[in-house]
Each structure stands twice: as C-alpha cells, then as structure tokens.
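Here the structure comes first, spelled out in structure tokens, and everything after it is commentary.
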Amino acid sequence: MLRKIIDTVDKPSQSTAKVAVLNTAEKRSDEWSLLLIAVGETRDRQAFAKLFKHFAPLLKSFSEASRHQGWYPGLSEDLVQEVMIKVWQKAAGYNAEKASATTWIYTVARNCRIDMLRRKSNTQHLPLENEDYWHEPDEETPVTLLRQKRNGDKIQESLAKLPKEQDEILRKVYLEGKSHAEASQELGLPLGTVKSRVRLALQKMQILVSPEFQEELPHE
Amino acid sequence: MSNQINFHPDRSMLVEFSAGTLETALTICVSAHLHFCDQCRSELLSLDQLGSQLMSDAKPSDIDESLLDTVMAKIDEAELAQVNSKGSARVPVNEKPSSFPFSVNKLIESTEHSATWSRLNSSLDIARLKTGQDKFEVALHRLCAGGKAPKHDHQGIEYTVVLKGSLSDERSVYSEGDFLVRQPGDIHQPMGGQNSECICLSALSAPIKLTSPLGFLMKPWLQIRPM
Ligand SMILES: [Zn+2]
C-alpha cells in the first residue's frame with residue numbers, strides 16, 4: 001500500500017506543486033507524511049485508515065495525559081474524533097515543506113484540546129479558534145526541510161538522554177498541559193527553577209538557537 | 001518581514017504558546033509578534049517538533065475498533081451537508097497579504113459592530129477588541145506621528161506589540177514586531193515615531209494610574225474593560 005502511494009506521488013502525471021517539491025533533493029520521505037499528502041490530494045481513504053491506526057492511539061494517550069482544569073476522561077475519545085476529522089478536512093492544506101505529518105498532527109491536536117476546554121469552561125462567545133493564532137504569513141519559510149529533519153532527529157535523540165527532572169517537566173508542560181506556574185506549584189519548586197529546567201533542556205536539545213535574544217525583562 | 005526586531009517574548013512564554021497553556025490574551029500578543037519575527041517562528045517550529053516527539057513517545061492507548069467507522073461516517077455526513085448547502089459555502093479567502101497579523105485582523109473583524117477608535121487625547125486613540133476572556137483588556141492603540149501618550153504608571157502588567165510604525169520611551173525605540181513588557185510600578189510616556197503614525201496591540205491586566213497633572217481627565221477612559 002505504501003509502495004502504491006509512493007508510486008502515485010512520484011508519478012510525473014501528478015505534477016502538482018507539492019509533488020514537485022517532493023521530487024527535489026530535500027524529500028520528505030517518512031511514511032506518515034506521504035500518507036497525509038495522499039489524503040490531501042486524492043482523498044485516499046486507505047491512506048487515512050493507516051494514519052488513523054497509527055495516530056488515534058497516540059492522540060488518545062495525549063488526551064488522557066491532560067490534567068487541565070475541567071478535563072474529564074470522556075473528552076478523550078471526543079478529542080480523537082475531532083482531531084482525525086480535522087486531519088481529513090485540512091489535509092489538502094498540509095505543506096510538507098513546513099512540517100512533518102507528526103508535527104502537523106500534534107499542532108492540530110493541541111489546538112483542538114484548547115478549543116474543547118475553552119468551549120467547556122467559557123460562557124462567552126469566543127471569536128477565534130485556537131488555530132487562528134498559529135496562522136503563518138504566506139511567505140517562504142526560512143527553515144529548510146533539511147534543517148527541520150536534523151532538528152527532529154536531534155530532539156528525538158537528546159530527549160532520550162535528558163536528566164529525569166528535565167524530562168518530567170517537559171511532560172508536565174506538553175502532555176499534561178500545565179503552565180509553568182502550575183508545574184512549580186505541583187512540584188513544590190520555585191517558578192524560576194521550573195523555567196530554568198525547561199531552558200536547560202531546550203538548550204541541550206539545541207532548540208534555543210538565539211540565546212542572545214533580548215527579552216523585555218522586568219525593569220528594576 | 002524584513003525589519004530588525006530587537007525585543008522578543010521570553011522563551012518560557014514561547015514554550016507555553018507551543019504547549020497550548022498560555023492565557024488567551026497573551027496568546028494573542030505572542031501570535032502578533034510571530035507574524036513579524038522569523039527567528040521566533042523558527043524556534044516555535046522546533047518547540048512544536050518537541051511536542052510532537054513527546055506525543056509520539058507516549059504509550060499508545062487502546063482504541064475501540066469501531067471508532068474509525070464512526071469518524072468516517074461523520075466525515076461523510078459533513079461533506080454531504082456541505083454539498084447540499086453549496087450556495088452558502090464560503091471559501092475562506094486569504095485576503096491580500098496585509099501587514100497586520102492574521103489573528104489581529106480577525107479580532108478586529110469579529111469585534112461587534114467591528115472595532116472602532118475612540119479618542120483618548122489629541123494624539124492617542126484606542127480600539128478595544130473582543131477576545132472572550134476577562135483577565136486582560138486587549139486593545140489597539142494609535143499614536144499619531146510624534147504624538148505623546150499621557151505619562152502613566154502601571155498597577156498591572158502591560159504587554160505591547162508594535163504592529164505599524166515605531167514608538168519610543170525613556171528606554172529605547174521600538175519598531176514593527178517588537179514585544180514589550182511593562183511591569184507594575186513602571187512609569188513611562190511612549191512617543192510615536194516622527195515619520196508616521198504608530199499602531200500597537202496591547203494587553204493590560206489592571207487599571208493604569210495617570211501621573212501627569214491633567215491626567216485625571218483621562219481616568220475614566222483608562223479603566224480596563226475586558227470584553
Ligand atoms: Zn521574536
């Protein structure tokens with residue numbers, strides 16, 4: 001099946017812009033991204049089923065890890081459904097140059113999770129959906145596919161080697177959805193310690209590329 | 001965007017943005033900054049990669065066999081509904097590249113009766129934006145070229161992103177995309193750049209106190225009013 005998709009993608013007759021991009025030296029060749037492209041371009045249901053089989057259990061686990069206020073277990077299955085429906089509906093807009101399928105699906109899931117929580121806890125009408133805040137300007141992305149790929153590999157590799165307390169905090173922040181302040185309360189650590197643990201972890205993974213950034217610090 | 005940006009949200013804010021735990025009002029500000037800032041966008045991408053890696057590393061949960069069918073059925077239903085109401089189906093058109101961040105434009109549009117300017121003094125206008133949260137007042141401020149805002153100090157914290165033009169205060173000059181934080185107790189008097197008007201997005205957490213002699217005249221205007 002994958003073979004078939006790769007064939008379709010490589011066929012010159014399917015020469016849409018995205019396919020042309022994939023034929024360049026910087027190919028995004030991971031299985032999930034090719035499947036997602038197939039869903040976007042040809043509404044390929046088999047490809048979607050494969051994505052579902054891989055991602056639905058991960059999404060459910062992601063959602064069950066949530067310790068947001070107002071979250072309850074029944075929401076987990078709803079989230080899986082909502083995310084996978086969005087994946088189908090938005091696949092045509094997936095740009096393989098900007099992110100891998102896994103990263104793209106993570107952002108869809110994160111935004112859905114926030115929107116579901118807001119809908120539950122907020123009686124006011126919310127003018128924007130969370131994904132509106134992640135809207136990118138239409139311009140060439142400065143990050144090359146190659147660099148992204150290297151980043152991804154580096155993150156995967158160094159994540160496995162992080163000291164336990166840094167790993168713990170990243171999971172609290174990303175999976176449980178705790179703000180830094182909440183994490184500091186739960187762990188009984190000063191907020192500054194939480195922030196510096198996160199920062200150390202990010203430096204190790206070389207995610208912070210601009211340590212010289214000027215931030216607007218409190219003026220004393 | 002090509003201009004040099006000197007001030008950025010601190011990294012822990014960007015982490016919370018990527019993890020989806022940042023408050024709504026601050027999410028709006030960071031989102032506006034990202035529109036202008038390549039560097040922060042590129043770090044955000046790495047942070048999102050980290051999030052997706054953490055998601056992939058977790059132990060997968062069992063999924064009910066029938067869930068795929070349920071999802072496919074909902075997808076079909078939604079597509080059918082769309083076909084049936086074809087006349088009214090609106091294709092989201094990406095308006096001509098505008099110099100404002102997408103999220104800000106959308107907030108301007110969706111604020112009831114669309115956002116309107118009201119005058120604070122001869123050189124400063126404000127337009128409050130409806131954002132569906134009540135911790136911060138989110139608003140646009142427009143300062144005419146060379147205009148001075150009233151001198152004020154803050155009881156709350158104020159985040160500002162420059163959207164157009166430039167402004168300066170006692171500390172520095174800020175131009176498009178710059179992200180400023182003013183802490184409680186800071187006193188400042190921003191001034192618009194000499195050559196063109198300056199428009200900023202700001203999120204303000206509590207009433208600000210005016211310190212200039214005639215400041216009391218402004219007071220009613222500067223009470224925060226989240227919407
Ligand atoms: Zn920045």
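Just give me the residues in segment B:174-189 being closer than 26 Å to B:GLN39 by Cα and out of contact with any Ser or Thr (no Cβ under 7 Å at 6 or more places or on another chain), in sequence order. Explain how you work it out, then say what you get.
Going through segment B:174-189, the residues closer than 26 Å to B:GLN39 by Cα turn out to be B:174-183.
Residues satisfying the conditions are B:GLU176, B:GLY177, B:ASP178, B:PHE179, B:VAL181, B:ARG182, B:GLN183.
Give the residue, chosen from A:LEU36, A:LEU79, that is touching a residue at least 60 places away in the same chain (Cβ under 8 Å) and among the hydrophobic types (A, V, I, L, M, F, W, C). Give the derivation first.
Numbers: A:LEU79 fails: touching a residue at least 60 places away in the same chain (Cβ under 8 Å).
Being touching a residue at least 60 places away in the same chain (Cβ under 8 Å) and among the hydrophobic types (A, V, I, L, M, F, W, C) holds for just one of A:LEU36, A:LEU79, which is A:LEU36.
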State whether one or more residues within segment B:44-57 are within 29 Å of B:VAL173 (Cβ to Cβ), among the charged types (D, E, K, R) and touching a residue at least 12 places away in the same chain (Cβ under 8 Å). no
Looking only at segment A:117-138, and only at residues there that are modelled with pLDDT of 75 or more and within 17 Å of the chain's Cα centre (by Cα), the one that is farthest from B:LEU44 (Cα to Cα): A:GLU129
For segment B:35-80, give me each residue that is part of a helix (DSSP H, G or I), in contact with a Leu (Cβ under 8 Å, 6 or more places away or on another chain) and open to solvent by 60 Å² or more (accessible area, probe 1.4 Å). B:ASP57
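Residues are listed down the side, and each one gets a yes or a no for (1) more than 8 Å from chain A (Cβ to nearest Cβ); (2) more than 16 Å from the ligand (Cβ to nearest atom); (3) within 19 Å of A:ASP167 (Cα to Cα); (4) under 34 Å from the mean Cα position of the chain (by Cα):
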position	(1), (2), (3), (4)
B:GLY20	no, yes, yes, yes
B:LEU26	yes, no, no, yes
B:CYS37	yes, no, no, yes
B:ARG41	no, no, no, yes
B:LEU47	no, no, yes, yes
B:GLN53	no, yes, yes, yes
B:SER56	no, yes, yes, yes
B:PRO60	no, yes, yes, no
B:GLU79	yes, yes, no, yes
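The values are calculated or read from the model by the stated rules, or taken from the named source; none is laboratory data. Keep in mind that this is a model prediction, so the values were computed, not measured. Glycine also receives a Cβ, built like all others from the backbone with ideal geometry; neighbour counts cover every protein chain displayed. We work out accessible area using only protein heavy atoms, side chains counted, and drop any ligands, DNA or RNA first. Shrake-Rupley method; radii C 1.70, N 1.55, O 1.52, S 1.80 Å.
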